[in-house]
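Engineer: What follows is a single structure, and I will ask about it in a moment.
The values are calculated or read from the model by the stated rules, or taken from the named source; none is laboratory data. It should be emphasised that the depicted structure is a prediction, and the values quoted were computed from it without experimental measurement. For neighbour counting, all protein chains shown are included, and Cβ atoms are generated from backbone atoms with ideal geometry for every residue, glycine included. The accessibility values were calculated without ligands, DNA or RNA, using every heavy atom of the protein model including side chains. Shrake-Rupley method; radii C 1.70, N 1.55, O 1.52, S 1.80 Å.
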Amino acid sequence: MQIIKTIDELRSIVKGWKKEGLSVGLVPTMGYLHDGHRSLIVRAASENDRVVVSDFVNPTQFGVNEDLDSYPRDIDRDAAVCEAAGADLIFHPELEEMYFKDSCTFVDMDKLTKGLCGKTRPTHFRGVCTVVSKLFLIVAPDRAYFGQKDAQQLAVIRRMVRDLNFDIEIVGCPIVREEDGLAMSSRNTYLNKEERKAALILHESLMLGKEMMEQGERDAAKIQSAIVHKIETEPLARIDYVELVEAENLENVAVMEGRILTAIAVYIGKTRLIDNTIYQFSQPG
Ligand code: AMP
């Protein structure tokens with residue numbers, strides 16, 4: 001497995017693969033890889049002849065007071081994870097390779113990016129859409145793999161690919177969790193012991209919402225309020241949002257039917273964590 005730092009070199013390797021008729025899967029990441037990332041790489045390796053993992057902490061998706069500088073990084077460890085999971089190449093560019101100093105072109109989106117995480121992170125999805133578009137144009141993969149963990153991101157990327165006619169299949173992959181239910185995240189490393197325990201409230205509150213849906217509750221406000229109350233029982237938790245939305249267009253629902261995404265963002269101490277579940281109602285309400 002190779003670690004490639006320049007766009008030119010990456011393009012020439014991928015061109016060689018394409019000439020041989022090989023299919024290419026891309027797994028975009030910000031590094032500090034865990035089993036959630038690993039599941040995406042393993043899936044990509046099972047569905048493509050070659051797999052590229054991008055490992056780049058993308059500054060344009062961080063807000064001014066966010067954790068860009070402290071975001072964990074460890075390329076040697078990442079390389080070992082990628083190799084074991086079946087990746088062929090890591091694309092690990094420097095900032096200057098990805099962005100010209102005077103870069104002024106961005107990919108942005110209305111609607112899907114305004115709610116949920118977009119409320120507290122108003123420039124986040126512009127950064128995500130821009131870097132993912134660049135990676136799509138640089139790598140030109142047949143398929144790209146994203147985690148359901150970032151449900152809004154996945155919906156946004158699907159819409160961007162549709163709207164801009166990228167000829168790339170987007171594959172959504174299930175959330176990988178720790179044994180006790182906490183969704184894996186590079187940001188979990190920020191949690192101290194007490195916070196790590198408190199962070200379980202995210203999964204627990206989502207499970208409560210899911211149970212209510214399984215028991216036939218269709219009133220979104222009731223479920224939202226039950227989840228809020230559950231999270232409020234944890235003193236270290238502060239809610240950013242708890243929302244029930246239609247899973248594809250991310251629009252609010254009052255009476256639930258079809259695929260419903262319950263998405264939450266909660267600060268545990270200073271660390272902002274997100275989690276979600278999707279529930280499929282089999283019949284109209
Ligand atoms: P990140 O490095 O956090 O930008 O994540 C890179 C990709 O890995 C994104 O598509 C995430 O949705 C996905 N991912 C992160 N955590 C998980 C997880 N626990 N389970 C599945 N996918 C994940």
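Engineer: Taking the conditions exactly as written (part of a loop (DSSP other than H, G, I, E, B), within 13 Å of the ligand (Cβ to nearest atom), under 23 Å from residue 273 (Cβ atoms) and β-branched (Val, Ile, Thr)), does residue 27 satisfy them or not?
Structural biologist: No: the conditions fail for residue 27.
Engineer: Still on this structure, I have one more. Of the conditions (1) more than 13 Å from the ligand (Cβ to nearest atom); (2) assigned to a loop (DSSP other than H, G, I, E, B); (3) under 25 Å from residue 111 (Cα atoms), residue 175 satisfies every one except a single condition; which number is it?
Structural biologist: Residue 175 satisfies every listed condition except (1).
Engineer: How many residues does the stretch 186-224 contain that are more than 28 Å from residue 56 (Cβ to Cβ), assigned to a helix (DSSP H, G or I) and not small (Gly, Ala, Ser)?
Structural biologist: 18
Engineer: Right, here's the next one. Scan the stretch 89-105 for residues that are part of a loop (DSSP other than H, G, I, E, B), open to solvent by 70 Å² or more (accessible area, probe 1.4 Å) and free of Cβ contacts under 8 Å to residues at least 40 places away in the same chain and report the count.
Structural biologist: 5
Engineer: For the stretch 225-240, name all the residues that are open to solvent by 60 Å² or more (accessible area, probe 1.4 Å) and either assigned to a loop (DSSP other than H, G, I, E, B) or touching a residue at least 12 places away in the same chain (Cβ under 8 Å) (or both).
Structural biologist: Within the stretch 225-240, 230, 233, 235, 236, 238 meet the criteria.
Engineer: Here's another thing I want to ask about it. Hey, can you tell me all the residues within the stretch 183-211 that are within 13 Å of the ligand (Cβ to nearest atom) and either among the β-branched types (Val, Ile, Thr) or in contact with a helix residue (DSSP H, G or I) (Cβ under 6 Å, 6 or more places away or on another chain) (or both)?
Structural biologist: Within the stretch 183-211, 183, 184, 189 meet the criteria.
Engineer: Next question. Here's a check for you: in the stretch 37-88, which residue that is over 22 Å from residue 144 (Cα atoms), open to solvent by 60 Å² or more (accessible area, probe 1.4 Å) and not acidic (Asp, Glu) is nearest to the ligand (Cβ to nearest atom)?
Structural biologist: 73
Engineer: So, one more: All but one of (1) out of contact with any strand residue (DSSP E or B) (no Cβ under 7 Å at 6 or more places or on another chain); (2) surrounded by fewer than 19 Cβ atoms within 10 Å (Cβ to Cβ); (3) not small (Gly, Ala, Ser) hold for residue 187; which doesn't?
Structural biologist: (1)
Engineer: Within the bounds of the stretch 241-250, is there any residue that is under 15 Å from residue 201 (Cα atoms) and open to solvent by less than 80 Å² (accessible area, probe 1.4 Å)?
Structural biologist: yes
Engineer: In the stretch 106-125, what residues are surrounded by 19 or more Cβ atoms within 10 Å (Cβ to Cβ) and not polar (S, T, N, Q)?
Structural biologist: 112, 116, 117, 118, 121, 124, 125
Engineer: Also: So in the stretch 7-24, with the set limited to residues that are assigned to a loop (DSSP other than H, G, I, E, B) and touching a residue at least 24 places away in the same chain (Cβ under 8 Å), which one is farthest from the ligand (Cβ to nearest atom)? Break it down into steps so the answer makes sense when it comes.
Structural biologist: Step one: filter the stretch 7-24 for residues assigned to a loop (DSSP other than H, G, I, E, B), giving 20-23.
Filter again for touching a residue at least 24 places away in the same chain (Cβ under 8 Å), leaving 22-23.
Working: 22: 23, 23: 20 Å.
In this case the residue turns out to be 22.
Engineer: Follow-up. How many residues, within the stretch 62-78, are closer than 23 Å to residue 122 by Cα and touching a His at 6+ places or on another chain (Cβ under 9 Å)?
Structural biologist: Looking only at that region, the number is 3.
Engineer: Counting just the residues of the stretch 135-169 that are open to solvent by less than 50 Å² (accessible area, probe 1.4 Å), away from the ligand (no atom under 13 Å from the Cβ) and not in a helix (DSSP H, G or I), which one comes out nearest to residue 26 (Cα to Cα)? Even if it seems obvious, please write down each step before you answer.
Structural biologist: Residues of the stretch 135-169 that are open to solvent by less than 50 Å² (accessible area, probe 1.4 Å), as a first pass: 135-136, 138-141, 144-149, 151-157, 160-161, 166, 168.
Then keep just the ones that are away from the ligand (no atom under 13 Å from the Cβ); that gives 136, 138-141, 160-161, 166, 168.
Adding the requirement that they be not in a helix (DSSP H, G or I) leaves 140-141, 166, 168.
Numbers: 140: 9, 141: 6, 166: 14, 168: 10 Å.
Selected residue: 141.
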